[in-house]
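Heads up, the thing below is written out as structure tokens.
Please treat every number below as a calculation from the coordinates, not as lab data. Since the model is a prediction, treat every value here as computed from it, not as a measurement. Because the Cβ atoms are built from the backbone with ideal geometry, glycine has one as well, and the counts that use them run over all protein chains shown.
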């Protein structure tokens with residue numbers, strides 16, 4: 001039987017990185033995610049798997065270390081919290097442009113600016129619509145438990161390499177700091193350059209053999225026609241991801257007349273809301289997008305005929321609700337409830353807001 | 001079985017570690033557990049508190065409006081958490097430093113003089129284990145062997161020689177818990 005431990009979400013990320021065969025972690029401390037690097041330093045994976053763990057001098061530096069490692073086809077990752085991710089956005093755009101895989105972890109804190117160390121979900125736009133410049137997307141995974149913090153490290157690396165795209169775990173201070181049972185999966189060993197090439201193609205810059213042209217990794221292409229072709233190829237990749245990689249979870253949706261949509265820590269609270277609503281005889285369900293890009297738009301659309309209304313519940317001023325409204329396109333009323341700046345709602349508070357908005 | 005519990009007191013009283021031992025003991029008993037430090041609507045600052053949920057089934061919200069049990073170790077926590085205990089729920093407190101005693105009639109109220117006991121027995125560092133013992137006497141939701149396993153898992157190995165002392169403190173707590181009428 002797999003070992004079951006009581007761990008914080010942040011600690012689970014670190015343990016998973018080692019066990020999923022990461023080659024390198026580069027990061028800079030910031031609350032509420034500092035336990036990621038602390039745990040890695042305690043575990044000393046450089047003595048076991050050979051994984052590199054390095055504290056960079058800033059977030060700008062860590063993202064560029066990721067760029068370098070990813071060019072060599074290595075499984076590289078970083079973690080930070082909101083202001084740190086803002087500093088990384090230039091590098092994330094470059095990696096998206098150069099089609100480089102990497103795993104980013106954002107344990108969101110309340111913002112804007114330095115904000116607060118309490119949990120929030122105010123970085124949805126930044127993660128999903130692109131915090132950096134240019135027409136790019138990254139895959140965004142939203143864990144709602146400590147076990148998912150662990151599991152999504154493996155899933156994140158898999159998707160990042162499958163599509164050669166930066167992939168982000170979008171978490172927050174609540175999931176990062178909370179402790180739950182986590183089941184450690186079997187360890188996967190680090191892949192060799194040869195194995196990476198066989199599995200994902202010969203794109204990495206690991207030395208040019210005589211029988212093929214050298215690989216060039218760059219996000220620069222000055223001719224408009226060439227740059228347009230690159231953009232079209234990227235967009236085609238994003239459409240493929242939208243077709244293949246949507247992940248979500250439904251709770252009590254079969255007979256639901258009303259739907260809550262929430263991700264991450266909010267979705268856990270909304271699960272509680274659904275439980276109370278059902279006790280009162282209200283046919284309320286919950287849709288939890290697990291991938292925020294690609295967004296489960298078709299899943300919402302399929303449910304529309306049975307629904308009288310939808311409420312998006314977020315720890316921000318209303319960001320994901322825009323994607324819900326795009327999916328719904330006016331077919332049913334879409335409301336929003338949220339709190340900001342590190343304050344969290346309780347299940348009862350969400351139910352009260354829901355009842356008020358829909359006059360129930 | 002689902003137990004939603006809040007433990008609250010001053011920082012340094014071992015509130016968070018008491019919660020951690022309970023949560024680990026829950027895992028040892030094949031339960032689902034969530035341990036959530038002072039985040040959320042209940043947070044006002046000044047005191048340390050932790051929410052622990054132990055359940056047979058998947059746990060939904062880690063943020064609670066109401067709890068089944070509150071373990072209260074200072075006056076601020078009494079003021080904050082006495083009102084949010086569910087009807088018929090449990091309040092366990094250490095009377096040391098409490099000037100305004102609980103007044104609710106619709107909950108069960110017990111006290112454990114853990115601060116006094118721990119000082120008198122020269123076991124002051126196991127104060128929180130006495131409180132834990134009192135709680136487990138009132139809510140025997142976890143088997144003794146699993147609690148000892150949870151204790152072992154929660155403590156770093158260099159502190160494992162203290163386990164017998166902690167075990168003793170749990171027993172002391174069980175013996176001395178009193179109903180408040």
To the nearest 0.05, how large is the calculated FRET efficiency for residue B:161 and residue A:46 if R₀ is 41 Å and r is the Cβ-Cβ distance? 0.85
Relative contact order as a percentage, segment B:2-179, C-alpha pairs under 8 Å and 6+ apart, gives 24
Relative to chain A, whose Cα atoms define the longest principal axis, helix A:264-279 and its Cα axis are tilted in degrees, nearest 10, by 20
What number do you get for segment B:59-131 when its Cα radius of gyration is normalised by 2.2 N^0.38 Å, N = residues? 1.19
Determine, from the Cβ-Cβ distance of residue A:217 and residue B:57 and an R0 of 51 Å, the FRET efficiency 1/(1 + (r/R0)^6), rounded to the nearest 0.05. 0.55
Which FRET efficiency value, to the nearest 0.05, do you get for residue A:4 and residue A:329 by plugging their Cβ-Cβ distance into 1/(1 + (r/R0)^6) with R0 = 41 Å? 0.40
Rounded to the angstrom and largest first, Cα extents along the principal axes for segment A:53-131 equal 36, 27, 16
Run through all the Cα pairs of segment A:157-239 and give the fraction in each 10 Å bin from 0, expressed as whole percent. 12, 29, 32, 19, 8, 1
Averaged over A:3-10, number of beta-carbon atoms from partner chains that fall within 10 Å: 3
Rounded to whole angstrom, the alpha-carbon centroid of segment B:69-90 lies from that of segment B:115-181 at a distance of 20
Computed from the mean reciprocal separation of all distinct C-alpha pairs, what Kirkwood hydrodynamic radius does segment A:249-357 have, in Å? 13.5
Please report the antiparallel percentage of the DSSP beta bridges confined to segment A:4-193, to the nearest 5. 25
Quick check: the angle from helix A:82-97's long axis to the longest principal axis of chain A, C-alpha only, nearest 10 degrees? 60
Relative packing of A:262-269, A:205-212, A:148-155, which averages over residues the other C-beta atoms within 10 Å, highest first: A:262-269, A:148-155, A:205-212
Going by Cα centres, segment A:140-181 and segment A:280-335 are how many Å apart? 22
Compute the distance from the alpha-carbon center of segment A:58-77 to that of segment B:6-38, in whole Å. 37
What number, in nm² with one decimal, is the all-direction average of the projected area of the convex hull of the alpha-carbon atoms of segment B:35-181? 9.6
Please report the antiparallel percentage of the DSSP beta bridges confined to the protein assembly as shown, to the nearest 5. 40
Partner shielding of A:176-185, as the mean number of partner chain Cβ atoms within 10 Å, equals 5
What nm distance separates the two modelled labels at residue B:178 and residue B:106, each placed 7 Å from Cα along Cα→Cβ? 2.8
For peptide A:261-273, the mean count of other chain Cβ atoms within 10 Å per residue Cβ is 3
Segment A:4-193, Rg to Rh (Cα coordinates; Rh as Kirkwood inverse mean 1/r): 0.93
With Rg and the Kirkwood Rh both taken from Cα atoms, where does Rg over Rh land for chain A? 0.99
Separation in nanometres of the label points that stand 7 Å from Cα toward Cβ, at residue A:245 and residue A:231: 2.2
Taking the convex hull of the alpha-carbon atoms of segment A:95-166 and averaging its shadow over every direction gives an area in square nanometres of 5.1
Would you please calculate the Kirkwood hydrodynamic radius of segment B:107-181 over all C-alpha pairs and express it in Å, rounded to one decimal? 12.7
Candidates B:62, B:95, B:140: whichever shows maximal mean-square fluctuation once chain B is modelled as a Gaussian network with Cα springs under 10 Å: B:140
Give me the percent of Cα-Cα pairs in segment B:1-110 that sit more than 24 Å apart, rounded to a whole number. 19
On C-alpha positions alone, give me the angle between the axis of helix A:146-163 and the longest principal axis of chain A, in degrees, nearest 10. 50
